[in-house]
Amino acid sequence: MTADLVRFVEQDEDAQVLVVTNMWPDPHRPMYGIFVQRQVESLRALGVRFDVLSIRGNTSARAYPVAAARLLSSTLGWRGRYRLVHAHAAEAAMAARFHVGTPMLVSYVGDDVLGDRRSDGTLTLNGRVRSSFVRAHSRLFTATITKSRVMEAALPPRARRRNHVIPNGVDRALFTPIDREDARALLGWSDEHVALFACTRPHSAGKRLGLAQQACVAAGVRLHVAENVVPSLMPVLMSAADCLIVTSAVEGSPNVVKEALTCNLPVIATPVGDIPERLEGVEPSWLCEPTVDSFTRALRMCAAQRMRSNGRVIAADLDERVIAHRVLDVYRLLGW
């Protein structure tokens, strides 16, 4: 039924901002779009009132034309209802753009602007077509947000002039270091060396899970793949593991890296997206070429040192409350 494809998941009779998103947590996918939900909550703490319209594109592609029709028909009915429409991710933004007459902000998430990649880093045909269309479409918005400068650089000049680079924030109360032994006891882990691979789609080609698996075997390190785990478990996993391993061919600004830093978990990663910027000054951490040998060497050094990092101090500016104020500044520029 169309009502199940497009529905309000949060409503406030005094809402000032309409959020349109195709990513929102549910009981079956508790981590899906949780960064969108957390940003809404952090902005609500600053006094912003929201309605949240969820497009369930993961259920059916029909959700997008249904959403577009609903948003087009809302143009008159919602005129003056909201001060701002904030869309999250490209497909949701395309549907939201059918609503006219209200300032509109879109936050891109990474692969929508940069494109899906094969394991060798090249764009898939679908990724090339999609990202080209997304970048062209970005010109139609009052303003945009990209999570990193790498993403901003992919936008056309006209859109870049109205773009703001703002990464997602981290809940530092949730993502806080736990004693390693206590965390391992909770998980039932032994004293072996463990690398954490955390991703909602670990088997997609661009994540290069196979590279992480080969490097961990060569280094004698156990690889733990965390896929769509409940949010409360992630800080435990990050406190129990010896490192986070990121072998991606492309990223915008991976949330898992920022969360690992906040838990003082060393990071071993390819230099994609804003990862080099995030790891600047973080010790220990390693940037690796996408080869088994490069990751194996880093894993062995990490296992030999068995240290926590200084990431929490370095990443203090990623506190979600700090980020919320930066997003709120954009809202104000757009008339909120």
Can you give the FRET efficiency to the nearest 0.05 for Asp182 and Asp4, using r as the Cβ-Cβ distance and R₀ = 56 Å? 0.85
In deg cm²/dmol, rounded to the nearest 500, the helical mean residue ellipticity at 222 nm of the chain, built from -39500 (n - 2.57) for every DSSP H run of length 4 or more, is -11000 deg cm²/dmol
Span from the the stretch 300-336 Cα centroid across to the the stretch 94-146 one, whole angstrom: 24 Å
Name the longest site-free stretch of the chain, where the excluded sites are GluC sites (Glu not before Pro) in a DSSP loop with no more than 14 other beta-carbon atoms within 10 Å. 14-191
Evaluate Rg over Rh across the stretch 228-336, taking Cα atoms for both radii and Kirkwood's formula for Rh. 1.04
Taking only Cα atoms of the stretch 172-283, the Rg to Rh ratio with Kirkwood Rh works out at 0.93
Where a ≥ b ≥ c are root eigenvalues of the Cα gyration tensor, a/c under 1.5 meaning rounded, otherwise prolate if a/b exceeds b/c and oblate otherwise, the stretch 1-87 counts as oblate
Contact order normalised by residue count of the chain, Cα under 8 Å, 6+ apart, percent: 16 percent
Helix 209-219 vs. the chain, principal-axis angle (Cα, 0 to 90°, nearest 10): 20 degrees
Which loop trypsin sites (Lys or Arg not before Pro) in the stretch 293-336, with loop taken from DSSP, have no more than 15 other Cβ atoms within 10 angstrom of their Cβ? Arg306
Gain in span if fully extended, Phe133 to Arg149, counting 0.36 nm per residue against the direct Cα distance: 3.8 nm
To the nearest 10 degrees, how steeply does helix 63-77 sit against the main Cα axis of the chain, on a 0 to 90 scale? 40 degrees
What is the antiparallel percent of DSSP beta bridges lying wholly in the stretch 1-134, to the nearest 5? 30 percent
Tell me the angle of helix 320-333 to the major Cα principal axis of the chain, expressed in degrees between 0 and 90 and rounded to the nearest ten. 30 degrees
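Over the chain, what is the percentage of antiparallel beta bridges among all DSSP beta bridges, to the nearest 5?
15 percent
For each of Leu123, Leu233, count neighbouring Cβ atoms within 10 Å of the residue's Cβ, then give the residues from fewest to most. Walk me through the numbers before you get to the answer.
Numbers: Leu123 19, Leu233 14.
In increasing order of surrounding Cβ atoms, one gets Leu233, Leu123.
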Of the options Ala260, Gly335, Pro27, report the single residue whose Cα projects farthest towards the positive end of the charge dipole of the chain (beta-carbon charges: Lys, Arg +1; Asp, Glu -1). Gly335
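Every number in this text was worked out from the coordinates using simple rules, so none of it is lab data. Quick caveat, the model's predicted, so the values are computed rather than measured. When we count neighbours, we look across all protein chains shown, and the Cβ atoms used for this are built from the backbone with ideal geometry, even at glycine.
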